[in-house]
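The values are calculated or read from the model by the stated rules, or taken from the named source; none is laboratory data. Since we're looking at a predicted model, the values are computed, not measured. Note that each Cβ is placed from the backbone with ideal geometry, even for glycine, and that neighbours are counted across all protein chains shown.
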Amino acid sequence: MAKDFIVDLEDRPGSGATAAEALGKAGINIAGFCALAFGGKAFAHVLVEDATATRSAIEQAGFRSSMSAMPWSPRLRTDLVSWVSCCGGSRRPASI
């Protein structure tokens, strides 16, 4: 079952990309990614399978994170498409 991490980001261009790149370099598959910035704060929801490796990669990259209590499963992927769409993503994310 996929885990939803909430990653605290800096409200500046490229901050989300830096977090995603750290996960990619660690070999972590990102099933979903949505970053938001408002009021001088920014965060990203990152949907992954390997919680331990994700937490380690995020911390090594200098970000703070927490795991959401929201359970995800493959049958909820259509909901994820809607979730990503509402966050400003495409209607059909490439990772789904």
* Asked: Does residue 66 fit the bill of being modelled with pLDDT under 50, exposed (fewer than 14 other Cβ atoms within 10 Å of the Cβ) and touching a strand residue (DSSP E or B) at 6+ places or on another chain (Cβ under 8 Å)?
  -> no
Residues of segment 1-27 being among the β-branched types (Val, Ile, Thr) and either crowded, with 19+ Cβ neighbours inside 10 Å or in contact (Cβ under 8 Å) with a residue 60 or more places away in the chain (or both), in sequence order, are 6, 7
Subset of segment 43-54, residues within 12 Å of the chain's Cα centre (by Cα) and either farther than 14 Å from residue 21 by Cα or outside any helix (DSSP H, G or I) (or both), comes to 43, 44, 45, 46, 47, 48, 49, 51
Scanning segment 1-30 for residues that are assigned to a loop (DSSP other than H, G, I, E, B) and either among the acidic types (Asp, Glu) or at pLDDT below 90 (or both), the one nearest to residue 53 (Cα to Cα) turns out to be 2
